[in-house]
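Trainee: Right, I'll just put the structure down here and ask away after.
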Amino acid sequence: MTPEIDRRRLLGLASAAGTLALGSRLAGGPGGSDASAAAHPDSQPSPASQQSGDAEEAVVVAGVSAVRSMDPALAVDTETERVCRQVYESLLGVDLDTGETTALLARDWSVSGDGLTYEFRLREDVTFHDGTALDADVVVANIRRWGRLDTLYGAGILSRTMTTPFVAVFGGFLGEDACALESIEAADATTVTLTLSDPIVDLPQALTMAPFGIASAETLDDDDPDLVARRPTGTGAYRVVEIDDEQARLEAHEDHWGGPPQVPAVTVRTLPRAFDRLRELQRGAVDVYDYITADTLRPLVQSGRLILQRDPFSVLYLGFNLDHPVMSDVRIREAVAHAVDRDSLVQQHFLEGSRATRQFIPAALDVQSDDAERREHSRSAAEELLAEAGYDGEPLPFYYPMNATRSYLPQPEAIFAALAADLAAVGLRIEPRPVPWDDGYLDTMLGDEQRAMHLLGRNGGYRSPHSFFGPLFQQTGPEFRYDSAEVRDMLREARSTLDDEERADLYRQVAEHIAEDLPALPLVHPISGLALGEDVSAYPMSPVLIEPFREITLS
């Protein structure tokens with residue numbers, strides 16, 4: 001049996017790049033901050049489970065924030081995804097050596113010539129942690145549930161949050177005109193067929209993301225939609241022992257179809273501060289220190305730690321609220337763009353190899369536009385634009401997270417201070433709005449209609465420009481209040497264009513429109529890295545953060 005987790009604890013959702021903060025109705029309180037772990041009433045952890053939590057037997061990973069929901073469909077922040085990936089598996093995965101999409105719960109798949117029909121053939125030897133078998137009906141039920149989250153949790157609540165992963169990929173919820181998914185059927189016990197109204201070229205890559213993990217049918221209950229989060233039951237190599245604000249404890253699923261993992265137990269500790277993670281690594285209390293910051297790199301090198309780094313596949317940006325009476329003027333946003341010294345920001349606060357950027361898409365995807373507006377650092381240009389716009393010292397609330405390290409935001413307080421200094425130097429009146437990440441930063445920021453600016457970012461979930469553009473700009477959401485029918489049409493067309501170069505050109509046009517309209521200012525494509533303790537010799541690094549603990553190698 002799988003322990004059931006307190007519903008108030010795991011229905012508050014925070015995100016690294018965009019959060020589904022479902023609000024106090026589902027979280028049991030603002031941000032779900034009154035979290036605690038509780039066992040399922042009719043189940044208790046086995047003696048093996050209790051032993052697996054012992055420090056001497058578990059690999060300990062230093063995470064940066066608490067797990068917010070064990071419902072995979074709602075797992076959109078990097079720490080929640082990290083844990084959900086171990087518990088749930090998706091139809092398709094990623095080859096850790098080549099980065100290519102590969103079979104996972106589906107042993108193979110095919111797509112019709114017109115790109116409208118996908119057929120997934122499932123493995124036949126897979127069981128969930130509760131002993132039930134994986135079959136086509138379970139997969140169909142999961143996919144239909146992803147497409148009905150608006151019905152299950154309330155469309156009004158979801159409309160006030162970031163774009164859900166299902167909507168970002170398929171264009172809308174099931175039944176909506178914008179949704180490209182027409183039907184999901186079980187052709188037989190081991191075959192699932194998806195029928196689309198328009199091609200989605202990157203669908204196989206998108207289905208590797210953590211939010212598309214398959215949950216046991218025993219936890220899918222329309223009358224109790226958060227049962228999935230309280231009783232996390234997947235097919236993954238690890239099962240949940242306990243989750244609370246301090247840690248997530250996992251034990252090996254001995255009946256996993258791929259065989260039991262080498263590491264029998266993993267604990268992910270919540271350590272938001274970089275120096276706390278460094279200290280715990282140096283004293284041997286953790287084995288993996290993730291999200292190294294520039295100010296902790298030197299002691300790690302001096303102590304001879306093995307340091308690994310991910311290729312840049314995230315973006316830090318300064319977001320604007322286009323409904324704000326000052327920020328609605330594009331000249332003000334342009335002035336901000338000229339005021340910010342990106343190069344200095346990178347040199348002072350990011351690991352070597354991070355890149356200042358004027359566009360959202362990392363260079364590795366090769367769709368950056370040479371024609372997009374650059375707006376180089378120039379105080380005089382910023383001051384001229386502010387004068388032209390008639391800016392008269394109106395206060396500009398600027399939100400930023402505290403006690404948070406993300407792949408795209410290693411030192412939020414210091415980065416905010418640098419940006420605020422740049423903006424103040426050209427005459428902008430900045431009012432700081434610091435909110436601790438785990439105290440509901442996303443909820444608070446999105447809920448303030450008077451905010452002018454905010455710091456946030458996004459980690460690419462799969463190797464496609466749509467992984468960045470889709471969630472941010474495909475809909476008019478609460479983050480930017482940016483409404484561009486032209487951008488939405490181009491994104492839909494790009495998603496369905498089969499020719500690679502034509503599709504790349506469309507994404508370049510999107511980049512040009514975003515740079516001109518400036519709903520947000522991209523700042524940095526950062527490098528992120530981790531350090532290993534003496535007991536771990538290898539960790540499965542991935543720029544898209546698909547990092548299965550079963551691939552950890554002990555020394």
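The values are calculated or read from the model by the stated rules, or taken from the named source; none is laboratory data. Keep in mind that what you see is a predicted model, and the values were worked out from it rather than measured. All Cβ positions, even for glycine, are placed from backbone atoms using ideal geometry, and neighbour counts span all protein chains on display. Keep in mind that these areas ignore ligands, DNA and RNA; they rest on the heavy atoms of the full protein, side chains included. Shrake-Rupley method; radii C 1.70, N 1.55, O 1.52, S 1.80 Å.
Trainee: If you check every pair at least six apart or on different chains, which have Cβ atoms under 6 Å apart with a residue in the range 241-263 that is basic (Lys, Arg) first and a residue that is crowded, with 17+ Cβ neighbours inside 10 Å and not in a loop (DSSP other than H, G, I, E, B) second?
Mentor: ARG249/VAL241; ARG249/GLU242; ARG249/THR267
Trainee: Give me a count of the residues in the range 285-304 that are over 23 Å from PRO412 (Cα atoms), modelled with pLDDT under 95 and among the small types (Gly, Ala, Ser).
Mentor: Selection size over the range 285-304: 2.
Trainee: Out of all the residues in the range 372-400, which are modelled with pLDDT of 95 or more and under 29 Å from the mean Cα position of the chain (by Cα)?
Mentor: LEU396, PRO397, PHE398, TYR399, TYR400, listed by residue number.
Trainee: Taking the conditions exactly as written (hydroxyl-bearing (Ser, Thr, Tyr), more than 25 Å from the chain's Cα centre (by Cα) and crowded, with 16+ Cβ neighbours inside 10 Å), does TYR462 satisfy them or not?
Mentor: Against the criterion (hydroxyl-bearing (Ser, Thr, Tyr), more than 25 Å from the chain's Cα centre (by Cα) and crowded, with 16+ Cβ neighbours inside 10 Å), TYR462 does not qualify.
Trainee: With the requirement that a residue be under 29 Å from THR127 (Cα atoms), touching a Lys or Arg at 6+ places or on another chain (Cβ under 9 Å) and part of a loop (DSSP other than H, G, I, E, B), what does the range 195-208 give you?
Mentor: Listed by number, the list holds a single entry, ASP202.
Trainee: Would you confirm, using the coordinates I've provided, whether ARG503 is within 23 Å of the chain's Cα centre (by Cα) and of a type in the set (D, E, K, R)?
Mentor: Taking the combined requirement at face value, the residue does not satisfy it.
Trainee: Related question: Give the residues of the range 490-506 that are out of contact with any Asp or Glu (no Cβ under 8 Å at 6 or more places or on another chain) and surrounded by 11 or more Cβ atoms within 10 Å (Cβ to Cβ), sorted by residue number.
Mentor: The answer is MET490, LEU491, GLU493, ALA494, THR497, LEU498, GLU502, ARG503, ASP505.
Trainee: Given (1) of a type in the set (A, V, I, L, M); (2) touching a helix residue (DSSP H, G or I) at 6+ places or on another chain (Cβ under 7 Å); (3) within 27 Å of LEU491 (Cα to Cα); (4) modelled with pLDDT of 95 or more, where does ALA168 come up short, assuming only one miss?
Mentor: It is condition (4) that ALA168 fails.
Trainee: Next question, about the same structure. Please give the number of the condition ARG358 fails out of (1) touching a helix residue (DSSP H, G or I) at 6+ places or on another chain (Cβ under 6 Å); (2) in contact (Cβ under 8 Å) with a residue 60 or more places away in the chain; (3) more than 30 Å from VAL67 (Cβ to Cβ); (4) open to solvent by less than 50 Å² (accessible area, probe 1.4 Å).
Mentor: Looking at each condition in turn, ARG358 falls short on (1).
Trainee: While we're looking at this one, here's another question. Just name the residue that is surrounded by the most Cβ atoms within 10 Å (Cβ to Cβ) out of those in the range 477-488 that are closer than 16 Å to ALA168 by Cβ and over 19 Å from the mean Cα position of the chain (by Cα). Steps first, please.
Mentor: Taking the range 477-488 first, the residues closer than 16 Å to ALA168 by Cβ are 477-480, 482, 487-488.
If we keep only those that are over 19 Å from the mean Cα position of the chain (by Cα) too, we end up with 482, 487-488.
Numbers: TYR482: 21, VAL487: 19, ARG488: 17.
Among residues in the range 477-488 that are closer than 16 Å to ALA168 by Cβ and over 19 Å from the mean Cα position of the chain (by Cα), the one surrounded by the most Cβ atoms within 10 Å (Cβ to Cβ) is TYR482.
Trainee: Determine, yes or no, whether ARG342 is at pLDDT 95 or above, over 18 Å from LEU472 (Cα atoms), open to solvent by 30 Å² or more (accessible area, probe 1.4 Å) and among the basic types (Lys, Arg).
Mentor: The answer is no for ARG342.
Trainee: Among the residues of the range 259-308, count how many are over 27 Å from PRO436 (Cα atoms) and buried (at least 16 other Cβ atoms within 10 Å of the Cβ).
Mentor: 6
Trainee: Hey, among ALA404, ALA414, ALA382, ALA372, which residue is within 22 Å of TRP437 (Cβ to Cβ) and either open to solvent by less than 20 Å² (accessible area, probe 1.4 Å) or among the basic types (Lys, Arg) (or both)?
Mentor: ALA404
Trainee: Continuing with the same structure: What pairs come out if I take residues in the range 84-99 that are farther than 19 Å from TRP146 by Cα and pair them with residues that are crowded, with 19+ Cβ neighbours inside 10 Å whose C-beta lies under 6 Å away, six or more apart or interchain?
Mentor: Between residues of the range 84-99 that are farther than 19 Å from TRP146 by Cα and residues that are crowded, with 19+ Cβ neighbours inside 10 Å, the close pairs are GLN86/GLY236; GLN86/TYR238; GLN86/LEU250; GLN86/PHE549; VAL94/THR208; VAL94/ILE546.
Trainee: Within the range 405-458, how many residues turn out to be within 19 Å of GLY63 (Cβ to Cβ), aliphatic (A, V, I, L, M) and assigned to a helix (DSSP H, G or I)?
Mentor: Total satisfying the criteria: 1.
Trainee: Tally the residues that are open to solvent by less than 30 Å² (accessible area, probe 1.4 Å) and under 13 Å from LEU456 (Cα atoms), restricting the search to the range 429-444.
Mentor: 4
Trainee: Restrict the check to the range 141-153 and report whether at least one residue is out of contact with any helix residue (DSSP H, G or I) (no Cβ under 6 Å at 6 or more places or on another chain), charged (D, E, K, R) and modelled with pLDDT of 95 or more.
Mentor: yes
Trainee: Something else about it: Within the range 219-237, is even one residue more than 22 Å from VAL67 (Cα to Cα) and of a type in the set (Gly, Ala, Ser)?
Mentor: no
Trainee: I need the full set of residues from the range 228-246 which are outside any loop (DSSP other than H, G, I, E, B) and either basic (Lys, Arg) or buried (at least 21 other Cβ atoms within 10 Å of the Cβ) (or both), in order please.
Mentor: Across the range 228-246, the qualifying residues are VAL228, ALA229, ARG230, TYR238, ARG239, VAL240, VAL241, ILE243.
Trainee: Here's another thing I want to ask about it. Residue check, ALA252 against (1) open to solvent by 40 Å² or more (accessible area, probe 1.4 Å); (2) among the small types (Gly, Ala, Ser); (3) touching a Pro at 6+ places or on another chain (Cβ under 6 Å), all met but one. Which one?
Mentor: The number of the failed condition is (1).
Trainee: Taking the range 192-227 on its own, how many of its residues are in contact (Cβ under 8 Å) with a residue 24 or more places away in the chain, of a type in the set (S, T, N, Q) and open to solvent by less than 10 Å² (accessible area, probe 1.4 Å)?
Mentor: Qualifying residue count for the region: 2.
Trainee: Based on what the data block shows, is HIS324 more than 18 Å from ARG406 (Cβ to Cβ) and open to solvent by 20 Å² or more (accessible area, probe 1.4 Å)?
Mentor: no
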